[in-house]
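The next block holds one structure in the form of structure tokens; read it before the comments.
The values are calculated or read from the model by the stated rules, or taken from the named source; none is laboratory data. Every value quoted in this text rests on a predicted model; they were computed, and no experiment measured them. Neighbour counts are summed over all protein chains in view; Cβ atoms, including those assigned to glycine, are modelled from backbone coordinates with ideal geometry.
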Ligand code: C2E
Ligand code: MG
Ligand code: MG
Ligand code: MG
């Protein structure tokens, strides 16, 4: 009997929905508590400059150090933080923590490194964001150019005119701008020339099957060539193998990021791991040469 089935299906669905809502609410309260309890920490993944043979930047990646559950990756809580609006204070915390890490690196002679930060859609569209960004930079006396703001393609493509205005504002404040996960959204390369961004990050999805997937190799090479024509730099994400590195080097990719060089690291491991990577990339001097 179809009706019976539908009714059961509906009841099942609403029970599942209720569960999901309750789980979200629980997580939201947990996130609020975690913010007050200072349980969030930034890990940093090195980005290497192939031409210089050195680490040239770091991507800040958020981790939740849960007292019972241990280290939690952002994919499990960022969406709830967005839906509840908690991403606004959390995003400010990320900016502050990144500035503090930059101050420490600067004192250690690593002030040439740029720190990339991921912005959420809500943060980016927050009319107060540019001013908050400027305030935090001034407070910490960090040159905004050393902070790279990563925005995803889909964030920029919803209401592109407004997005361009915000990007212009941030650019005027001196920030470095990057498009994250490039190629996974629905923007066309032709939009790129209208967006005042400095860097394009080719998504891991295109890198992971190099050299087995011819299409991915064609796309990656084309994105790099097009970005260079528009005077943008390119980062490849998720580089894991020597073959991938070689392909990206042959195609003039500017920066590489991935497990091949390092996973995201706690701040305390940065100096030793950066020295290790520089050495492996052939910069045996260990200092000097890598400062741009
Ligand atoms: P994303 O910005 O695209 O970051 C890259 C993700 O790929 C990171 O996952 C990183 O750990 C992972 N990854 C790096 N190299 C490799 C590799 O060689 N192989 C593989 N398989 N994975 C690699 P993570 O740290 O779990 O972050 C996931 C996403 O969460 C990020 O994707 C970003 O969109 C978001 N996120 C992270 N931190 C923040 C934050 O502070 N604020 C906001 N709004 N979003 C954040
Ligand atoms: Mg990112
Ligand atoms: Mg990315
Ligand atoms: Mg990605």
**OP:** Could you please let me know if residue 152 is modelled with pLDDT of 90 or more and within 12 Å of ligand 4 (Cβ to nearest atom)?
**Re:** yes
Subject >> Selection from the stretch 251-266 of residues that are outside any loop (DSSP other than H, G, I, E, B) and either away from ligand 4 (no atom under 13 Å from the Cβ) or out of contact with any strand residue (DSSP E or B) (no Cβ under 7 Å at 6 or more places or on another chain) (or both) >> reply: 255, 256, 265, 266
Original post:
Can you tell me which residues in the stretch 111-138 are touching a residue at least 12 places away in the same chain (Cβ under 8 Å) and assigned to a helix (DSSP H, G or I)?
Top reply: 121, 122, 123, 124, 125, 129, 130, 132, 133, 134, 136, 137
**OP:** Output yes when any residue across the stretch 205-228 is surrounded by fewer than 22 Cβ atoms within 10 Å (Cβ to Cβ), closer than 21 Å to residue 166 by Cβ, free of Cβ contacts under 8 Å to residues at least 40 places away in the same chain and more than 16 Å from ligand 2 (Cβ to nearest atom), and no when none is.
**Re:** no
Subject >> Subset tally (residues that are away from ligand 1 (no atom under 16 Å from the Cβ) and within 19 Å of residue 47 (Cα to Cα)) for the stretch 222-254 >> reply: 10
Original post:
Do we have residue 178 as under 16 Å from residue 230 (Cβ atoms) and touching a residue at least 12 places away in the same chain (Cβ under 8 Å) here?
Top reply: yes
**OP:** Kindly indicate whether any position in the stretch 111-130 is in contact with a strand residue (DSSP E or B) (Cβ under 9 Å, 6 or more places away or on another chain), at pLDDT 95 or above, more than 16 Å from ligand 3 (Cβ to nearest atom) and over 26 Å from residue 165 (Cα atoms).
**Re:** yes
Original post:
When you scan the stretch 177-250 for helices (runs of 4 or more DSSP H) that lie fully inside it, which ones turn up with 1 or more residues that are within 21 Å of the chain's Cα centre (by Cα) and modelled with pLDDT of 95 or more?
Top reply: 204-207, 214-229, 242-250
Subject >> Top-ranked residue of the stretch 174-186 - restricted to ones that are away from ligand 4 (no atom under 15 Å from the Cβ) and surrounded by 14 or more Cβ atoms within 10 Å (Cβ to Cβ), ranked as farthest from residue 114 (Cα to Cα) >> reply: 174
Original post:
Is one or more of the residues making up the stretch 154-172 within 16 Å of ligand 1 (Cβ to nearest atom), more than 19 Å from residue 118 (Cα to Cα) and surrounded by 14 or more Cβ atoms within 10 Å (Cβ to Cβ)?
Top reply: no
Original post:
Within the stretch 149-163, which residues are outside any helix (DSSP H, G or I) and within 13 Å of ligand 2 (Cβ to nearest atom)?
Top reply: 149, 150, 151, 152
**OP:** Enumerate the pairs (first residue in the stretch 190-204 and farther than 16 Å from residue 257 by Cβ; second residue anywhere and assigned to a strand (DSSP E or B) and away from ligand 1 (no atom under 13 Å from the Cβ)) with beta-carbon separation below 6 Å, excluding pairs fewer than 6 apart on the same chain, so at least 6 apart or on different chains.
**Re:** 197/177
